[in-house]
Amino acid sequence: MHPIAAAELTRALEGPITVDITTIGRRTGVPRRIEIWIVNADGRVVIGGTPGRRDWYANLVADPHITVHFKEHGEVDIDATATPVRDSKTLKQIYEHRSTRWYRERTPVEELVASGPTVELTFLTGDR
């Protein structure tokens, strides 16, 4: 993995951005790569979704290690840990943030808080 400085990561996370993520399949142990959005809600970097079954979420609950592939930044790959967000107050703050407007346009905030799959990412940066 390419080490990235925290400042470089902050710049890369401006606005909702499309990235690829690689998770490990919970049943197969095989890496799974998909395209998805990540959003930065005032420093809280999250992957969210409208309510429903999501394989990426189930994979991350089983194994929180994730690689985020920043395609718009020269295919920079960064390892991270994903932590499910289950606290309703935190979820409400995330889904009311301006960066998550797309989700609110499709699903009421109350439903997103109640059952939208959401994880917060903690990136492993080169600042140690």
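The values are calculated or read from the model by the stated rules, or taken from the named source; none is laboratory data. On a predicted model such as this, the values are computed, not experimentally measured, just so you know. Because the Cβ atoms are built from the backbone with ideal geometry, glycine has one as well, and the counts that use them run over all protein chains shown.
Miscellaneous remarks
- Per-region count, segment 102-115, residues at pLDDT 95 or above, buried (at least 20 other Cβ atoms within 10 Å of the Cβ) and not hydrophobic (A, V, I, L, M, F, W, C): 0
- Pairs where the first residue, in segment 46-61, is closer than 13 Å to residue 91 by Cα and touching a residue at least 60 places away in the same chain (Cβ under 8 Å) and the second is crowded, with 20+ Cβ neighbours inside 10 Å and of a type in the set (S, T, N, Q), C-beta under 7 Å, 6+ apart: 46/118; 48/100; 48/118
- Take the conditions (1) over 13 Å from the mean Cα position of the chain (by Cα); (2) more than 19 Å from residue 42 (Cβ to Cβ); (3) not hydrophobic (A, V, I, L, M, F, W, C); residue 81 misses just one of them, which is (1).
- You will find that of 25, 52, 74, the residue that is over 15 Å from residue 121 (Cα atoms) and modelled with pLDDT of 95 or more is 25 and no other.
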